[in-house]
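The structure appears below as structure tokens.
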Amino acid sequence: MIMNKLMKFFIICAITFVVGLGLCLGGVFSGGVDGINKVAEDHDWLDGSPGKMQIETLSNQDFESVEVTGQVEMVFVGAEFMTTDSDWHLPDSLASTIKEDIPEEGTVLICHGENVAAPEYNIEDGVLKIEGGAPDDGVVSMNFSSDDGVPKVVVFCGDRMLKNITTSNNWCDVVMLGIAFENASISGSDNDVFMEAVQSENLKIDGNCTDVQLHGAFHGTVDVTTNDADVIIETSVNRDKYAVDIDAEYGDIELDNGEIEIDGYPWKYSCEGGPNKIIVKNSCGDVEVFYGDTLYQ
């Protein structure tokens, strides 16, 4: 019985290898990357190169909230990071192009490959709405370029305080650099959420296999749910200003630069405080929390 299963496994591996090799050779003999792109035009199951990056600039946009859906990576940039010293967590080639002329506050950059559909956008009642395409399930990617092909939207917020930020996008990262917001709700799977030098009143992250790194001044409630991922929270607010409730099933918990460490059952930690809250639920992942009065010790 075991031998039969092993035989089936090796047969499947062999078939997969042959099919993959055939696709690669077919691409090469039909004109390399250009040939693959031509084949991809006629077959929905094949995805070729995203092509040269296109940047559409929307200047002087008047919005106070942002709503994002679909497959698009988001980068929010505050005044502190509107300099040539930052790469905004973007590919080097794209960051270098943007640095040639740093956009002003209120500018939105829509970035996508010439062979990739651009995200749709509009502003309605003060809300900037970004809608990316749906994920291409079941599509074989033959992208040999350095760009991952996922459309990216860069929002230069400057000093403005955003009221609400809502994102729902799988396999697409969310990056916030030096911005301030009242409320943010971020959901998705198989992605990263990264914040640096942000100011937040309320933040909720609902992810699946979503790594979370939060650095800034977090007031109100920080509520993070994820699994099979790591969570790091560094807040400039002192620890006595927080009530904390952490459930890191099968993961390690570290607080106050190692003053508190929990690396076994029941993988939980809680303490009273206030008026702010930190709530983390993370299965099979580590959780680290650092407060203002211990962050730089």
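The values are calculated or read from the model by the stated rules, or taken from the named source; none is laboratory data. Because the structure is predicted, anything quoted here is derived from the model rather than measured. Ideal geometry is used to build each Cβ from the backbone, glycine not excepted, and the neighbour counts take in all protein chains shown. Just the protein is used for accessible areas: all its heavy atoms, side chains included, with ligands, DNA and RNA removed. Shrake-Rupley method; radii C 1.70, N 1.55, O 1.52, S 1.80 Å.
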Can you tell me how many residues in segment 100-126 are open to solvent by 50 Å² or more (accessible area, probe 1.4 Å), out of contact with any Asp or Glu (no Cβ under 6 Å at 6 or more places or on another chain) and in a strand (DSSP E or B)? 4
Count, please, the residues in segment 222-233 that happen to be in a strand (DSSP E or B) and buried (at least 18 other Cβ atoms within 10 Å of the Cβ). 6
Against the definition (within 17 Å of the chain's Cα centre (by Cα) and β-branched (Val, Ile, Thr)), how does Val222 come out, yes or no? no
Set Asp211, Asp190, Asp252: member being of a type in the set (D, E, K, R), in contact (Cβ under 8 Å) with a residue 12 or more places away in the chain, at positive phi and in contact with a Phe, Trp or Tyr (Cβ under 9 Å, 6 or more places away or on another chain): Asp190
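Residue-by-condition table, conditions (1) more than 23 Å from Ser236 (Cβ to Cβ); (2) at pLDDT below 95; (3) open to solvent by less than 40 Å² (accessible area, probe 1.4 Å):
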{"site": "Cys157", "(1), (2), (3)": "no, no, yes"}
{"site": "Met161", "(1), (2), (3)": "no, no, no"}
{"site": "Ile165", "(1), (2), (3)": "no, no, yes"}
{"site": "Trp171", "(1), (2), (3)": "yes, yes, no"}
{"site": "Gly178", "(1), (2), (3)": "no, no, yes"}
{"site": "Phe181", "(1), (2), (3)": "no, no, yes"}
{"site": "Ala184", "(1), (2), (3)": "no, no, yes"}
What number goes with the only condition from (1) modelled with pLDDT under 90; (2) outside any loop (DSSP other than H, G, I, E, B); (3) among the hydroxyl-bearing types (Ser, Thr, Tyr) that Ser146 does not pass? (2)
Looking at (1) open to solvent by less than 20 Å² (accessible area, probe 1.4 Å); (2) modelled with pLDDT of 95 or more; (3) under 30 Å from Met82 (Cβ atoms), which is the only condition Val287 fails? (3)
